[in-house]
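The values are calculated or read from the model by the stated rules, or taken from the named source; none is laboratory data. What you see is a predicted model, and the numbers here were worked out from it, not measured in a lab. Using ideal geometry, Cβ is built from the backbone for each residue, glycine included, and neighbour counts are taken over all protein chains shown. Each accessible area value is taken on the protein alone, full model and side chains, heavy atoms only, with ligands, DNA and RNA left out. Shrake-Rupley method; radii C 1.70, N 1.55, O 1.52, S 1.80 Å.
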Amino acid sequence: MTAALNKKLVGFFLYFAVGLLVVVILAPYLWLFISSISTKKDLTSVPLRWFPSKPTFENYSRLLLGGTGATDAASQFGRCALNSLIVASAVTLISVFFGSLSAYCLARIDFKGRNILSLTIILPQLLPPIALIIPLYLIVRKLGLLDTRPALIMTYISFILPLVIWLMIGHFRSIPTDIEEAARIDGCSRIGALFRVVLPLVAPGIAATFIFAFIIAWNEFFYALIFSSTQSSKTLSVLVEEFSSKFGEDYVLMSTAGVLASLPPVVLALIFQKYIVQGLTAGSVKG
């Protein structure tokens with residue numbers, strides 16, 4: 001009887017903890033959405049209204065379609081969204097492609113200094129961006145790439161590529177070498193075994209790494225703020241900040257832009273959630 005009671009108590013506290021965690025995670029996003037369908041009067045009323053008296057989606061139409069009441073920042077939303085999509089997609093594709101090949105070499109090919117290189121590959125992640133911004137700015141300005149998408153793409157790759165390599169090393173090491181050796185005995189070259197056997201087996205890990213890299217590139221703010229100043233390269237993360245500074249405090253439109261800017265990573269995570277879980281599990285086990 002005591003064992004059954006303990007089991008029920010453990011189950012109760014487990015579900016309670018999970019429910020509390022879900023509330024803590026979703027509550028800010030829910031309030032962001034509620035703010036986006038509110039009017040400025042409802043959002044700034046005292047006492048606070050937890051739900052608007054007259055919900056409206058006019059803020060979304062102002063951002064997506066323009067029209068009456070659209071500020072200068074709101075009119076830039078479409079172009080900045082395109083910049084974010086191009087930059088994040090290019091950075092993710094390049095980093096995952098070259099990162100996967102580099103991780104395979106570090107995980108499978110034995111050469112002098114491999115272990116040291118594998119351990120130090122993640123060191124760029126330990127450096128604060130503020131320590132790198134001045135030399136990076138001077139390099140970008142010397143190349144004549146200020147306020148361009150290539151400047152953001154190259155900068156993002158410099159810190160996302162090492163992370164991709166570090167993550168993918170674990171996924172490649174989780175695949176038994178016997179499978180690859182069997183393919184090579186059957187006549188496959190190393191490259192053939194990589195593309196025909198190994199990569200399909202680490203596909204969940206590649207998908208998980210792809211999502212992480214895209215989210216990091218999509219949400220990056222500091223370098224985008226320094227390197228971009230016009231619509232030609234400005235990203236959504238920078239534009240959202242401008243609703244509360246450069247163009248005055250418009251918390252409603254800022255919330256609306258925040259909801260729209262968060263949709264691509266959220267949709268990708270929901271679509272590929274199965275692969276993300278499989279990738280995290282596979283990468284934590286060595287073969």
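Whenever a residue of the range 172-184 is closer than 14 Å to ILE206 by Cβ, its partners that are surrounded by 19 or more Cβ atoms within 10 Å (Cβ to Cβ) and modelled with pLDDT under 80, lying with C-beta atoms within less than 8 angstrom and at least six residues away or across chains, give the pairs SER174/ALA282; SER174/GLY283.
Residues checked against (1) free of Cβ contacts under 8 Å to residues at least 40 places away in the same chain; (2) more than 30 Å from SER61 (Cβ to Cβ); (3) open to solvent by 90 Å² or more (accessible area, probe 1.4 Å):
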position: LYS7; (1), (2), (3): yes, yes, yes
position: GLY19; (1), (2), (3): yes, yes, no
position: PRO28; (1), (2), (3): yes, no, no
position: TRP31; (1), (2), (3): yes, no, no
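Look through the range 159-191, keep the residues that are among the small types (Gly, Ala, Ser) and not in a helix (DSSP H, G or I), and return whichever of them is nearest to ALA208 (Cα to Cα). Filtering the range 159-191 for residues that are among the small types (Gly, Ala, Ser) and not in a helix (DSSP H, G or I), the one nearest to ALA208 (Cα to Cα) comes out as SER174. When ASN59 is tested against the conditions (1) surrounded by 15 or more Cβ atoms within 10 Å (Cβ to Cβ); (2) free of Cβ contacts under 8 Å to residues at least 24 places away in the same chain; (3) in contact with a helix residue (DSSP H, G or I) (Cβ under 7 Å, 6 or more places away or on another chain); (4) not in a loop (DSSP other than H, G, I, E, B), the lone failure is (2).
Could you check the range 84-131 and list, in sequence order, the residues that are aromatic (Phe, Trp, Tyr), crowded, with 19+ Cβ neighbours inside 10 Å and in a loop (DSSP other than H, G, I, E, B)?
none
The set of residues from the range 230-241 being open to solvent by 20 Å² or more (accessible area, probe 1.4 Å) and either in contact with a helix residue (DSSP H, G or I) (Cβ under 9 Å, 6 or more places away or on another chain) or modelled with pLDDT of 90 or more (or both) comprises GLN231, SER232, SER237, VAL240, GLU241.
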